[in-house]
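Q: Below: one structure in structure tokens.
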Amino acid sequence: MPTYIKQFFTLVLIFISLNVYSQENDSIVIRNVYSEALTSFDSYYMLRDLCKNIGGRLTGSKNANDAVTFIESRLKEMKLDNVYLQEMKVRNWERGEKEVGYANTNKGRVNFNVCALGISVGTGDKGIEAKVVEVKSWDELRNLGKENVQGKIVFFSRAADQRGYTTGYGYGSSVDQRVRGAIEGARYGAVGVIVRSATVSYDNFPHTGVMRYNDSLTKIPAIAISTKDSDVLSSLLKENKDMTFYFRTTCHQDEDTESYNVIGELKGSEKPEEIIVVGGHVDSWDLGEGAHDDGTGIVQSIEVLRIFQTLGIKPRHTIRFVGFMDEEIDQKGGRKYAEIVKAKNEIHLAAIETDGGGFTPHGFSFEVSEEKLQQYKDLQKYFAPYWMHLFVKGGGGVDVSFLKETRTTLIGLITDSQRYFDYHHSANDVFENVNRRELQLGSASIAALVYLIDKYDIR
């Protein structure tokens, strides 16, 4: 055999050997990442402190800014290379007193579990009382017309579609009532709206969430009613055509106030100017403790940095944690972050957001071209032992979506969604409903992906 052919095959064998060695070494590192995450209680206890010592973190509230201070302090304790805040103005809406809602029927008063929807105007101290018209679609409302709606309360009772495997499908099928209900009700002269909670869960917890107004129409108060009570109200309306409904909310909006994104960095050793973002949102709704939405996302993202530090992994690129403010209402935090990135011409390889709750992770969604998606699919082999099988096209998350113009790869952690809407935007979203192992599996999965993106310079 000619010498040059022997040399060629020798080089091929060396290349294959090095590649096999690199893959084996990566698998060992990732195994260590999962081992460290699954044996640690650091982020779980941080979540407990965030939930129990601060609680719900409504945008613009003292609790929200206390959370910023708390997270900033934890990041500084980690002795990261850089910790800082990004200031912005945010909406300052307050819920006020506990909401009251009841029906006056021919058999007496029936009380309901209700809550004001986010940024709704209040009813005033006296509350409002009126007859109720029930609709399940915009067409039904339109067909009733102003003559049948004027001066009444519109009850939007469409239930979430349960037929999809992911519960987000059901949420998406009903959440338009919450968002647009007050606009469409006002268009036909309604004095208020009641909205079936946007959840696939069947419970007695009313689920809040942001709604919107049209400035050209009267702003009318809007409340959510629990899914069980929604069915009760529907039944009462069939039996009592002339019944009235009373509700009282004292929510109100004050002047905009200052709040912050909170940021911590591990500087890259080779390309510090190039950044991989991991993050979630600091704010939450105020009925619960903001545990799954999105306390878990915050502590999982910080855990990525801790794992790198503990295992002595020196990133080539800068790993940046971002705790975004105001995701739930106006997304001021995501907008501000993207604005600064663009102004500084920062280079972001990827931005990973976790906002699906601290449930068992199943993979990642990527907002990329098919060609780039294949680069990520090539990494699936490293995640197979951990049952992370979904590497699919999709969105990265609300906060990182504002980076789309910068051509950053946007990535979202996919978690098992079946229990998410049991807690989402409700008083049930508390620390006790978070499983530590599931939480840590998410942390490890993100850390492993960041490690591979960083090592192989995937962009």
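The values are calculated or read from the model by the stated rules, or taken from the named source; none is laboratory data. Quantities reported herein were computed from a predicted structural model and do not represent experimental measurements. Quick reminder, even Gly has a Cβ in these numbers, built from the backbone with ideal geometry, and neighbours come from all protein chains shown.
Q: Can His348 be described as in contact with a Gly (Cβ under 6 Å, 6 or more places away or on another chain) and either surrounded by fewer than 24 Cβ atoms within 10 Å (Cβ to Cβ) or assigned to a helix (DSSP H, G or I) (or both)?
A: No; evaluated as a whole, the condition is false for this residue.
Q: Quick one: is Asp229 in contact with a Phe, Trp or Tyr (Cβ under 7 Å, 6 or more places away or on another chain) and surrounded by fewer than 16 Cβ atoms within 10 Å (Cβ to Cβ)?
A: Taking the combined requirement at face value, the residue does not satisfy it.
Q: Another one. Please determine whether any residue of the range 292-303 is of a type outside the set (Val, Ile, Thr), touching a helix residue (DSSP H, G or I) at 6+ places or on another chain (Cβ under 8 Å), assigned to a loop (DSSP other than H, G, I, E, B) and modelled with pLDDT of 95 or more.
A: Looking through the range 292-303, none of the residues is of a type outside the set (Val, Ile, Thr), touching a helix residue (DSSP H, G or I) at 6+ places or on another chain (Cβ under 8 Å), assigned to a loop (DSSP other than H, G, I, E, B) and modelled with pLDDT of 95 or more.
Q: Taking the condition loosely packed, with under 15 Cβ neighbours inside 10 Å, modelled with pLDDT under 95 and of a type in the set (D, E, K, R), does Glu339 pass?
A: no
Q: Okay, next question. Could you please let me know if Asp242 is surrounded by fewer than 17 Cβ atoms within 10 Å (Cβ to Cβ), in contact (Cβ under 8 Å) with a residue 12 or more places away in the chain and either over 22 Å from the mean Cα position of the chain (by Cα) or part of a loop (DSSP other than H, G, I, E, B) (or both)?
A: So Asp242 fits the description; yes.
Table: residues versus (1) buried (at least 20 other Cβ atoms within 10 Å of the Cβ); (2) touching a residue at least 12 places away in the same chain (Cβ under 8 Å); (3) in contact with a Leu (Cβ under 9 Å, 6 or more places away or on another chain).
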position: Phe364; (1), (2), (3): yes, yes, yes
position: Lys404; (1), (2), (3): no, yes, yes
position: Ile414; (1), (2), (3): yes, yes, yes
position: Phe421; (1), (2), (3): yes, yes, no
position: Leu441; (1), (2), (3): yes, yes, yes
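Q: Tell me the residue from Ser197, Ser173 that is surrounded by fewer than 22 Cβ atoms within 10 Å (Cβ to Cβ), under 16 Å from His424 (Cα atoms) and either polar (S, T, N, Q) or in contact with a Gly (Cβ under 7 Å, 6 or more places away or on another chain) (or both), please.
A: Ser173
Listed here are the residues, each with its yes/no results for (1) of a type in the set (Val, Ile, Thr); (2) in contact with a strand residue (DSSP E or B) (Cβ under 8 Å, 6 or more places away or on another chain).
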residue: Leu305; (1), (2): no, yes
residue: Gly312; (1), (2): no, no
residue: Glu339; (1), (2): no, no
residue: Ile352; (1), (2): yes, yes
residue: Val368; (1), (2): yes, yes
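Q: Pairs needed: first member in the range 120-135, free of Cβ contacts under 8 Å to residues at least 60 places away in the same chain; second member anywhere, of a type in the set (Phe, Trp, Tyr) and buried (at least 20 other Cβ atoms within 10 Å of the Cβ); C-beta distance under 7 Å; at least 6 residues apart or different chains.
A: Val133/Phe155; Val135/Phe156
Q: Now for a separate question. Given the condition outside any strand (DSSP E or B) and in contact with a Ser or Thr (Cβ under 6 Å, 6 or more places away or on another chain), answer yes or no: does some residue in the range 82-98 qualify?
A: The answer is yes; a qualifying residue exists.
Q: Go through (1) crowded, with 17+ Cβ neighbours inside 10 Å; (2) of a type outside the set (D, E, K, R); (3) over 20 Å from the mean Cα position of the chain (by Cα) one by one and return the number of the condition Gly279 breaks.
A: Going through the list (1) crowded, with 17+ Cβ neighbours inside 10 Å; (2) of a type outside the set (D, E, K, R); (3) over 20 Å from the mean Cα position of the chain (by Cα), Gly279 breaks only (3).
Q: Could you tell me whether the range 311-329 includes any residue that is outside any loop (DSSP other than H, G, I, E, B), in contact (Cβ under 8 Å) with a residue 24 or more places away in the chain, surrounded by fewer than 22 Cβ atoms within 10 Å (Cβ to Cβ) and not basic (Lys, Arg)?
A: Looking through the range 311-329, at least one residue is outside any loop (DSSP other than H, G, I, E, B), in contact (Cβ under 8 Å) with a residue 24 or more places away in the chain, surrounded by fewer than 22 Cβ atoms within 10 Å (Cβ to Cβ) and not basic (Lys, Arg).
Q: Say whether the condition of being in contact with a strand residue (DSSP E or B) (Cβ under 8 Å, 6 or more places away or on another chain), among the β-branched types (Val, Ile, Thr), surrounded by 20 or more Cβ atoms within 10 Å (Cβ to Cβ) and outside any loop (DSSP other than H, G, I, E, B) is met by at least one residue in the range 105-120.
A: Looking for residues that are in contact with a strand residue (DSSP E or B) (Cβ under 8 Å, 6 or more places away or on another chain), among the β-branched types (Val, Ile, Thr), surrounded by 20 or more Cβ atoms within 10 Å (Cβ to Cβ) and outside any loop (DSSP other than H, G, I, E, B), one finds at least one in the range 105-120, hence yes.
Condition check ((1) in a helix (DSSP H, G or I); (2) more than 14 Å from the chain's Cα centre (by Cα)) across all residues:
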{"site": "Glu371", "(1), (2)": "yes, yes"}
{"site": "Val392", "(1), (2)": "no, yes"}
{"site": "Val398", "(1), (2)": "no, no"}
{"site": "Ile411", "(1), (2)": "no, no"}
{"site": "Ser417", "(1), (2)": "no, no"}
{"site": "Phe421", "(1), (2)": "yes, no"}
{"site": "Ser445", "(1), (2)": "yes, yes"}
{"site": "Val450", "(1), (2)": "yes, yes"}
{"site": "Ile458", "(1), (2)": "no, yes"}
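Q: Restricting the range 161-194 to residues that are more than 21 Å from the chain's Cα centre (by Cα) and β-branched (Val, Ile, Thr), which is nearest to Leu287 (Cα to Cα)?
A: Selected residue: Ile194.
Q: Assuming Val195 fulfils every condition listed in (1) out of contact with any Lys or Arg (no Cβ under 7 Å at 6 or more places or on another chain); (2) under 22 Å from Gly164 (Cβ atoms) apart from one, which condition is it?
A: (1)
Q: Here is a further query. Being surrounded by fewer than 21 Cβ atoms within 10 Å (Cβ to Cβ) and either touching a residue at least 24 places away in the same chain (Cβ under 8 Å) or touching a Phe, Trp or Tyr at 6+ places or on another chain (Cβ under 6 Å) (or both), is that true of even one residue in the range 288-305?
A: The answer is no; no qualifying residue exists.
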